[in-house]
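Reading through the structure tokens given below for one structure.
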Amino acid sequence: MKRLLPVMLTAAMALTACAPAKVSGSTPKPTPAPATPAQPTAEAPKPDPTPTPAPAPAPVETKPAIRWLPRGIGLPLASDDPAAKGKKVVMLTFDDGPSGAGSTAKILDVLKAENVKVMFFITGYGAKNIDLVEREYKEGHLLANHTLTHADLSTLTVEEMRKELDPVNAVIEKVTGQKPKYMRPPYGMYNKQVQALVRDEYHQELINWDDGSLDWDGVKNGWKDPKLVVDEVMKQLHPGAVVLMHDTNKHTAEALPEIIHQIRAEGYEFVVLPN
Ligand SMILES: [Zn+2]
């Protein structure tokens, strides 16, 4: 559980995360991150006109790292509550699915076998696999909104944002009987307008991540070795970590058992946010 500087991580993650996340053949790919998102505010990560996998860009965000996650470093247990500060908890999150190509089902099998609950941030593309959305819910996982078309919300008008958020909220409410409490903006991109809409109109919390897994780079770079995903998750692991992965990725599904075993071996407990 080596702790990396969240501010470095999150700046780096924001630039590339999610962009090429859709791999599986059967579902449409989300639109890649626009080259020049409109005026992100101080809270939003700086857009990178040419997202590249590697090295941490110079951190431009000088505010406390936790501002990246509006809720704190992922988990209230590890940040909001001083008594719980540093508690070895971790939350696994999976974006962009469900995938009908098999990786989501495989991930659900592993989570069931290991008795781990996670958050799934689902897209409109993924929600077409309604049987998998229902399975995620029935097996005790927390469902949240990741937009209809995987759009960069920071480039949209309020009306356009509603068109991205409403349909996925409706699917989740239909399946769970409850409006989702959380949303994650694609690419981690948001601005004051996104924050205000999500908070004031939808009464949801924006949840990003601070352990990036780099499983999307596996797609970009042609990595085939799930071990690279395992190693990256473990390298970024820290108390209160929110781990970003993609259930649309075959190699993430393959990596998951080892990720869970190694995290447990480090003495961590898996948690999800309250619903
Ligand atoms: Zn995504």
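The values are calculated or read from the model by the stated rules, or taken from the named source; none is laboratory data. Computed from a predicted structure; not experimentally measured. Cβ: placed from backbone, ideal geometry, glycine included. Neighbour counts: every protein chain shown. Each accessible area value is taken on the protein alone, full model and side chains, heavy atoms only, with ligands, DNA and RNA left out. Shrake-Rupley method; radii C 1.70, N 1.55, O 1.52, S 1.80 Å.
Observations, loosely collected:
- Residue 187 falls short of the stated requirement of being hydroxyl-bearing (Ser, Thr, Tyr) and surrounded by fewer than 24 Cβ atoms within 10 Å (Cβ to Cβ).
- Residue in segment 91-103 that is without any contact (Cβ under 8 Å) to a residue 40 or more places away in the chain and either open to solvent by 60 Å² or more (accessible area, probe 1.4 Å) or more than 16 Å from the ligand (Cβ to nearest atom) (or both) present: no
- Boolean, residue 191 is modelled with pLDDT under 95 and under 27 Å from residue 113 (Cα atoms): no
- Taking segment 235-266 as the range and being within 20 Å of residue 113 (Cα to Cα), in a loop (DSSP other than H, G, I, E, B) and either in contact with a Gly (Cβ under 6 Å, 6 or more places away or on another chain) or at pLDDT 95 or above (or both) as the test, the residues that pass are 247, 248, 266.
- Considering the conditions (1) in contact (Cβ under 8 Å) with a residue 60 or more places away in the chain; (2) closer than 30 Å to residue 138 by Cβ; (3) away from the ligand (no atom under 16 Å from the Cβ), residue 183 is excluded by exactly one of them, (3).
- When the strands (runs of 3 or more DSSP E) confined to segment 82-155 are screened for residues that are touching a Gly at 6+ places or on another chain (Cβ under 7 Å), those reaching at least 1 such residues are found at 89-95, 119-122.
- Single residue of segment 114-159 satisfying the filter (of a type in the set (Gly, Ala, Ser) and touching a residue at least 24 places away in the same chain (Cβ under 8 Å)) that is surrounded by the fewest Cβ atoms within 10 Å (Cβ to Cβ): 124
- Residue selected from segment 194-234 under the condition closer than 18 Å to residue 160 by Cβ and either within 15 Å of the ligand (Cβ to nearest atom) or in a loop (DSSP other than H, G, I, E, B) (or both), by the criterion modelled with the highest pLDDT: 202
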